[in-house]
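The values are calculated or read from the model by the stated rules, or taken from the named source; none is laboratory data. Source: prediction; values computed, not measured. Reconstructed Cβ throughout: ideal geometry from the backbone, glycine too, with neighbour counts over all protein chains shown.
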Amino acid sequence: MTTLVFGHKSPDTDSTGSPIIWAWYLSEVKGTPAKAVLLGEPNTEAAFVLKHWGLDKPAIITDVTADDKVVVVDTNNPAELPPSINEAKLQAIIDHHMLVGGLKTKTPIDITIRPLACTATIMHDLMGADLARAPKAIKGAMLSCILSDTLEFRSPTTTPHDKAVAEALAADLGISINELATAMFEAKSDVSAFSDAELLRMDSKEYNVAGKELRVSVLETTAPKVVLDRKDSLMASMVDVAKEDGADQVLLFVVDIIKEEATLLVPNDLVKQLAEASFGCTVTGDTVVLPGIMSRKKQIIPALKL
């Protein structure tokens, strides 16, 4: 039976590339037939990475069955996984996020969760010497995942090990980290084809803060003006997106990769109160700039309070 390897819904580069990397490893090194699948369309950066390295886009699935063997990567949150995930035969979890709870297994499984910036970095370590057997495209995907999750080492989630692994991969591949990262971020910043609702869901996760169900969305870009010019329509669309997704509020943080700051859209008093309580800022309009804020995982979610 073929093992399905997948990451979270709204797949970014790490949740697109890491399933491909691990499926290759299971199939080619461990002799366990595996294939990567996605839980949605990859974002523009992830789509660029697939094309750049000549990788086929994995098939998109909406659910799993009790007969499916699965490996979950880049998440351990049931809310980000198929509805029937607890019915499937979960084999392993490889992740770098906080432990959420809620996943149930039928047998003991391998779980690797490490405080690194990227799932692909963990995979690098788990593969060890076997990585030398990987084709260029697999190593390229691994490098791309790390550059994406670390924002080319600007993110506070970056560890010295993430950077060392990326630099070693780039040297092995004979490519420039800055050139690849720049091309990736340009692709990520091209959001012209997306509706407001698609932008609000593109890179978002669900959290409960002080009894409020929040959809916390982050858009990382080198061209924040393109997004902020749409702020009025984005804020109007938050009402319907929240209602459709069963949330009390959508939060949108527009992260300027170059300036290393985030702009939070402030559509109402709830978000104003949350912003001031969480980040110690004073909100006077419908946006607030948060200097140095770049990471949802390390800086935004831990700070959120009412």
Quiz item: All but one of (1) over 14 Å from V37 (Cβ atoms); (2) in contact with an Asp or Glu (Cβ under 7 Å, 6 or more places away or on another chain); (3) not hydrophobic (A, V, I, L, M, F, W, C) hold for D74; which doesn't?
Solution: (1)
Practice problem: Scan region 58-72 and give yes if some residue there is modelled with pLDDT of 95 or more, out of contact with any strand residue (DSSP E or B) (no Cβ under 6 Å at 6 or more places or on another chain) and on the phi > 0 side of the Ramachandran plot, otherwise no. | Solution: no
Quiz prompt | Subset of region 13-42 [surrounded by fewer than 24 Cβ atoms within 10 Å (Cβ to Cβ) and either part of a helix (DSSP H, G or I) or in contact (Cβ under 8 Å) with a residue 40 or more places away in the chain (or both)] | solution = W24, Y25, L26, S27, E28, V29, L39
Quiz item: Considering region 128-137 alone, what residues qualify as being aliphatic (A, V, I, L, M) and closer than 17 Å to F48 by Cβ?
Solution: A137
Quiz prompt | Pairs where the first residue, in region 276-305, is more than 22 Å from K205 (Cβ to Cβ) and crowded, with 17+ Cβ neighbours inside 10 Å and the second is modelled with pLDDT of 95 or more and charged (D, E, K, R), C-beta under 9 Å, 6+ apart | solution = V283/K272; V283/E276
Quiz item: In region 114-139, how many residues are among the small types (G, A, S), surrounded by fewer than 24 Cβ atoms within 10 Å (Cβ to Cβ) and in a helix (DSSP H, G or I)?
Solution: 4
Quiz item: How many of the residues making up region 128-178 are without any contact (Cβ under 8 Å) to a residue 60 or more places away in the chain and basic (K, R)?
Solution: 2
Quiz prompt | Tally, over region 273-305, of residues that are more than 14 Å from L214 (Cα to Cα) and of a type in the set (K, R) | solution = 2
Quiz item: Residue check, D68 against (1) within 20 Å of Y25 (Cβ to Cβ); (2) among the acidic types (D, E); (3) under 15 Å from the mean Cα position of the chain (by Cα), all met but one. Which one?
Solution: (3)
Quiz item: Among the residues of region 209-233 satisfying the criterion of being outside any helix (DSSP H, G or I) and among the small types (G, A, S), which is surrounded by the most Cβ atoms within 10 Å (Cβ to Cβ)?
Solution: S217
Self-check item: Pair list, Cβ < 9 Å and 6+ apart or interchain, from region 105-127 residues that are closer than 24 Å to V49 by Cα and among the acidic types (D, E) to residues that are assigned to a helix (DSSP H, G or I) and modelled with pLDDT of 95 or more
Solution: D125/H161; D125/V165
Quiz prompt | Of the criteria (1) surrounded by 23 or more Cβ atoms within 10 Å (Cβ to Cβ); (2) over 20 Å from the mean Cα position of the chain (by Cα), which one E179 fails | solution = (1)
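Conditions tested, residue by residue: (1) of a type in the set (S, T, Y); (2) in the same structural domain as Q299 (by TED's automatic domain parsing).
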residue: E152; (1), (2): no, no
residue: T182; (1), (2): yes, no
residue: N208; (1), (2): no, yes
residue: K212; (1), (2): no, yes
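For every residue, the table says whether it meets (1) at pLDDT 95 or above; (2) of a type in the set (A, V, I, L, M, F, W, C); (3) part of a helix (DSSP H, G or I).
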position	(1), (2), (3)
F194	no, yes, no
L200	yes, yes, yes
M235	yes, yes, yes
A242	yes, yes, yes
L252	yes, yes, no
S278	yes, no, yes
V288	yes, yes, no
